[in-house]
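So the structure is just underneath, and the comments pick up after that.
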Amino acid sequence: MDPAIPDWLQDRLADAPPTIASEINAMLSSRPDDAWSLAEQALDALVAETSAPTGSESATRLLAADALLTYAFEAAASPELGGGGARAGRLAGRALETLGAALAEARPTEQGATQD
């Protein structure tokens with residue numbers, strides 16, 4: 001747990017477009033403890049948007065989720081937060097596994113369809 005993460009994120013959000021910052025804050029269901037908790041909340045939002053109706057609100061939420069995931073990688077790589085390249089790499093692998101599993105569950109392949 002890194003108590004600096006919430007302040008670090010709010011510093012980043014100060015420079016973000018207001019609608020994106022507002023969406024990111026709305027996505028944070030809990031106080032982020034570390035880079036992984038940021039990534040989890042971003043991934044949850046990304047998966048939720050895959051089954052949501054499309055439109056400008058959905059596009060804004062997707063952009064915000066993408067930004068939050070980017071912030072998670074930045075936090076994992078930040079020496080200021082005790083991170084580095086190896087930590088960011090581990091986060092990337094874990095995030096891809098989590099996202100892949102969630103999307104596979106949300107959108108099961110049709111019987112007889114092949115996967116790439």
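Going through the range 64-88 one residue at a time, which ones are surrounded by fewer than 17 Cβ atoms within 10 Å (Cβ to Cβ) and not in a loop (DSSP other than H, G, I, E, B)?
Looking only at the range 64-88, we keep the residues that are surrounded by fewer than 17 Cβ atoms within 10 Å (Cβ to Cβ), and these are 66, 70, 79-80, 82, 84-86.
Scanning the range 64-88 gives Asp66, Thr70, Pro79, Glu80, Gly85, Ala86.
Out of the residues in the range 23-45 that are among the aliphatic types (A, V, I, L, M) and over 17 Å from Ala106 (Cβ atoms), state the one that is surrounded by the fewest Cβ atoms within 10 Å (Cβ to Cβ).
Taking the range 23-45 as the starting set, the residues that turn out to be among the aliphatic types (A, V, I, L, M) are 24, 26-28, 35, 38-39, 42-43, 45.
Okay, now just the ones that are also over 17 Å from Ala106 (Cβ atoms), so 24, 26-28, 35, 38-39.
Numbers: Ile24: 25, Ala26: 11, Met27: 19, Leu28: 16, Ala35: 27, Leu38: 28, Ala39: 25.
Checking each candidate, the answer is Ala26.
Counting the residues of the range 13-37 that are more than 24 Å from Arg94 (Cβ to Cβ) and assigned to a loop (DSSP other than H, G, I, E, B) gives 4.
Can you confirm whether the range 3-20 contains a residue that is among the small types (Gly, Ala, Ser) and modelled with pLDDT of 90 or more? Write out each step before concluding.
Going residue by residue through the range 3-20, those that are among the small types (Gly, Ala, Ser) are 4, 14, 16.
Okay, now just the ones that are also modelled with pLDDT of 90 or more, so 14, 16.
Yes, there is a match, as at least one residue in the range 3-20 is among the small types (Gly, Ala, Ser) and modelled with pLDDT of 90 or more.
For the range 60-92, what are the residues that are under 15 Å from Ala26 (Cβ atoms) and among the aliphatic types (A, V, I, L, M)? Correct list: Leu62, Leu63, Ala64, Ala65, Ala67, Leu68.
Reported count of residues in the range 49-63, each being over 21 Å from Gln10 (Cα atoms) and buried (at least 16 other Cβ atoms within 10 Å of the Cβ), is 1.
How many residues does the range 54-63 contain that are assigned to a loop (DSSP other than H, G, I, E, B) and among the small types (Gly, Ala, Ser)?
Filtering the range 54-63 down to residues assigned to a loop (DSSP other than H, G, I, E, B) leaves 54-55.
Applying the additional criterion that residues be among the small types (Gly, Ala, Ser) yields 55.
Residues that pass the stated criteria total 1.
Exactly one residue among Asp34, Asp7 is among the acidic types (Asp, Glu) and touching a helix residue (DSSP H, G or I) at 6+ places or on another chain (Cβ under 8 Å), and that residue is Asp34.
The values are calculated or read from the model by the stated rules, or taken from the named source; none is laboratory data. Because the structure is predicted, anything quoted here is derived from the model rather than measured. Using ideal geometry, Cβ is built from the backbone for each residue, glycine included, and neighbour counts are taken over all protein chains shown.
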